[in-house]
Amino acid sequence: MCIRTSRWPLELSTRSLTIEKMHVVIALTKCTSYEKRDRMLSLLGPVAHTTIANEPECFAYAWFKSDVENAVPDRYLRGLEVYKSEKALSQTHRSTPEYKAFRSAVVPEGITELPTDLRPLTPAGIGYLSLVDDETVQFGGATKDEVIIVVRRFCTADSARREEVKRDLMGAVEKLLAASTPGEGEQLRGVVKSFWCLEYAPDLQDGTVVTFERYMNRMGMERVAVLLRDDL
C-alpha cells in the first residue's frame, strides 16, 4: 500500500533503535468519509506532538494517508508506532490526555468504518528503519520534500514459505546496500531511508511478513519494486 504523508506535521523519531524486543504497530484504518479521515488526522496531530516530546520509550510515531495515485481508496490511513515495550504503549501512551481525547471522539463521531488493525509486530532482524543514528524526521508542513511510504505484505501459507520470503528479503537488502556497486548503492541509500521487515508473534498465527519502506522519491520506490520483483 503506497501512502503519502499527511499535511499535518507528524514526526518519526528513531531514538535508540538497538532495543531487542520492540513493540511495533503498523496500523490500518478505514474512515467513513474523506471528512472523517481529515477529522481523525486532526485528532492525531496533538497525540503525535506529545508522544514525541514526552514519551522517550516511543521510538517512532507517524500516520499517513493514501497517495492520490494509489489504487487503495484514500479514506484509508496507515500508522507506524514503535515502542520499547507493550507497557510503553498500553500504559504510558494510552494514558495521555491527547490520546484519551482522540479515543473519546472516534466512536461517537463515527470516524472509522471498521476496527483499526492494531496487531503487534516484531522486527524480523532484516533491514533498517534508519541508517542514521538518533534520527528525527518530521513529515508534512515543515518540509516540501516528497516522502513516499510503502507497506508491503507478503502472505505465506506455512513456516517454510515464510522463511523463504525472509531469506529473499535479506538478499534484497544486501543488494540494496551492496558495497560491490558503490555508485548505485550510494544512490539508492540516499533515497531509500527505511526498509524494515517485521513479522507477527507466533500466537497470532499469521505468517505474513510486513515491510515498512520510506523513500525520498518515486525513482527509489520503483527501483526497489523491480529488485523485489526479481527476487520474490
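Counting neighbouring Cβ atoms within 10 Å and putting the fewest first, the residues SER130, SER33 line up as SER33, SER130.
When peptides 121-129, 215-223 are sorted by average Cβ neighbour count within 10 Å, with the highest value leading, the order is 121-129, 215-223. Using the Cβ of LYS87 as centre and a radius below 12 Å, the other residues enclosed give a net charge of 0, where K and R count +1 and D and E count -1. Estimated from the Cβ-Cβ distance and a Förster radius of 30 angstrom, the FRET efficiency linking MET170 and LYS87 is about 0.45. The packing ranking of peptides 47-58, 101-112, 147-158, highest mean first, is 47-58, 147-158, 101-112, where packing means the average number of other beta carbon atoms within 10 angstrom of each residue.
Backbone phi angles across region 28-35, fed through the Karplus curve with coefficients 6.51, -1.76 and 1.60 (θ = phi - 60°), yield HN-Hα couplings of 9, 9, 10, 7, 6, 7, 5, 5 Hz in residue order; Gly and Pro are listed as x.
Using 0.36 nm per residue of separation minus the Cα-Cα distance, give me the extension gain between SER95 and GLU35 in nm, one decimal. This chain segment gains 18.9 nm when fully extended. Judged by the mean number of other Cβ atoms found within 10 Å, the most tightly packed of the peptides 191-201, 35-45 leads the ranking 191-201, 35-45. Among the listed pairs LYS100/LYS175; LYS100/LYS166; LYS36/LYS166; LYS30/LYS193; LYS21/LYS193; LYS30/LYS175, those whose Cα-Cα separation exceeds 32 Å are LYS100/LYS175; LYS100/LYS166; LYS36/LYS166; LYS30/LYS175.
No lab work stands behind these numbers, since they all come straight from the coordinates. Source: prediction; values computed, not measured. Every residue, glycine among them, receives a Cβ derived from its backbone with ideal geometry; neighbour counts consider all protein chains shown.
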